[in-house]
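The values are calculated or read from the model by the stated rules, or taken from the named source; none is laboratory data. As the structure is a computational prediction, the values presented were derived from the model and not from experiment. Positions of Cβ are generated from backbone atoms using ideal geometry, with glycine treated the same way; all protein chains shown enter the neighbour counts. When the accessible area is computed, the model is the full protein with side chains, heavy atoms only, and any ligands, DNA or RNA have been set aside. Shrake-Rupley method; radii C 1.70, N 1.55, O 1.52, S 1.80 Å.
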Amino acid sequence: MTNPLSLLIGWILDLLLGDPQRLPHPVVWFGKMISFGEHRLNRGEHRKSKGALMAIVLIILVFLIGWLIHHLLALVTLYLAMAFDAIVVFYCLAGTTLIREVRAVFIALDRSLEEGRRQVARIVGRDTSALSAQEVRTAALETLAENLSDGVTAPLFWLAIAGVPGMLAYKMVNTLDSMIGYRTERYKDFGCWAAHIDDVANYLPARLTALLMVIASGRPKLLAFVARYGRNHASPNSGYPEAALAGILGCRFGGPHYYFGELFDKPYIGEQDRTLTTADMEKSVRINRIAEVLMVGLTALALYLWSLSNTTILMS
């Protein structure tokens, strides 16, 4: 298992630096692997089977590579393995970069609607060319909530369950879903398994994220709101953190959006269709940070307990 110190070092690096822009990033490599396979396999017959095979092979491959590197380094010295784990944690967490991107959307929108649309297009998959200022702000905050789960809680959850190999495998799962897990004509068969695997991998983390956000708000009664509106989403998971933030802000998320030229009529999450402001963004960022700290603490505790149990087994 990963040493809790590696987790803390990796997390602090993410807090200070965010995603490194000038260094090779594992997710970029994952994306190239997926793109390579998709262009060669997503054609002809049996697309669903070929997509399933590609997804499963890539997830297992990444897990095994992470496991092999960790154990080979541990054979040399434990400190090298710890350093590797810290670097993986640093690369797999996206909390700081996400907050920077969301802040940049609101700053760009203050300059012009067109700049806001271009900026939010960096972090959402929907068509942003015709979004209103309110829709740009809504898209940014929805993404902030959803990606607190995808970019922070879920990677840490799988780190606690299966160490660095599990964290890397989760990032491959998430990257597969973000690239091919759509219900469009091109991906509905080939990306079907990728989307379902992502749903399973995020089932508990998404609900844990919503719980942590409610705890961070200090308003436990919002759990009823989350239970009511968390299911109002095409995804079985994304609606829960979005519902938590909508309840905290007293606003409404969801509604119809265009993806790859196709209209998806999503249900609304919440009822108050009020104008969102920069103050709402800052409050959302604060909630995200508190929830992130809580999750890091829970993960560190889980890793520490794992290490204690392993030590007890070895001694016995």
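For this structure, a couple of remarks:
- Fully extended contour minus Cα-Cα distance, from Leu223 to Arg183, at 0.36 nm per residue: 11.4 nm
- In nm, spacing of pseudo-spin labels at Asp110 and Gln134 (7 Å Cα→C-beta vector): 2.2 nm
- Accessible surface area normalised per residue over the stretch 87-167 is 33 Å², counting heavy atoms of protein chains with a 1.4 Å rolling probe.
- Averaging Cα coordinates gives a centre for the stretch 139-188 and one for the stretch 274-313; these two points are 16 Å apart.
- For the chain, adding -39500 (n - 2.57) for each run of n ≥ 4 DSSP H residues and dividing by the number of residues yields -24500 deg cm²/dmol at 222 nm.
- Heavy atoms of Met54 accessible to a 1.4 Å probe, total area in Å² rounded to 10: 20 Å²
- Note that the stretch 190-205 has calculated 3J(HN,Hα) couplings of 5, x, 4, 5, 4, 5, 5, 4, 5, 4, 5, 5, 9, 4, 6, x Hz, one per residue in order, obtained from phi through the Karplus relation 6.51 cos²θ - 1.76 cosθ + 1.60 (θ = phi - 60°); glycine and proline are x.
- Volume per residue that the Cα convex hull of the chain spans, once the total is divided by residue count, Å³: 141 Å³
- Rounded if a/c under 1.5, otherwise prolate or oblate - the stretch 1-126, Cα gyration tensor axes: oblate
- Per residue, in Å², the accessible surface of the stretch 206-303 once ligands and nucleic acids are set aside, probe 1.4 Å: 45 Å²
- The phi torsions of the stretch 242-254, fed into the Karplus equation with coefficients 6.51, -1.76 and 1.60 and a -60° offset, translate into couplings of 5, 5, 4, 6, 4, x, 5, 8, x, 10, 10, 10, x Hz, rounded to whole numbers, with Gly and Pro shown as x.
- Base-10 log of normalised Debye intensity for the stretch 126-169 (one unit scatterer per alpha-carbon) at q = 0.21, 0.29, 0.34 Å⁻¹: -0.67, -0.91, -1.05
- Under a 5 Å amide H cut-off, with hydrogens placed 1.01 Å from N, Gly254 pairs with Ile269 among residues at least 5 apart or on other chains.
- Oblate is the label for the stretch 163-316. Its Cα gyration tensor axes, ordered a ≥ b ≥ c, give a/c of at least 1.5 and b/c at or above a/b.
- Listed by chain and number, the lysines placed with their C-alpha closer than 27 angstrom to that of Lys171 are Lys32, Lys48, Lys50, Lys188, Lys266; residues fewer than eight positions away on the same chain are left out.
- Evaluating 6.51 cos²θ - 1.76 cosθ + 1.60 at θ = phi - 60° for every residue in the stretch 276-292, the Karplus couplings come out as 7, 10, 4, 4, 5, 5, 5, 5, 5, 4, 4, 4, 4, 5, 5, 4, 5 Hz, glycine and proline recorded as x.
- Whole-percent carbon and sulfur share, accessible surface of the chain, 1.4 Å: 65 percent
- Annotation for Thr77 and Leu64: the two label points, set 7 Å from Cα along the Cα-Cβ direction, are 3.0 nm apart.
- With the largest listed first and rounded to whole Å, the semi-axes of the equivalent ellipsoid of the stretch 95-201 from the Cα gyration tensor are 28, 19, 9.
- With protein chains left intact and a 1.4 Å probe, residues in the stretch 1-47 average 66 Å² of accessible area per residue.
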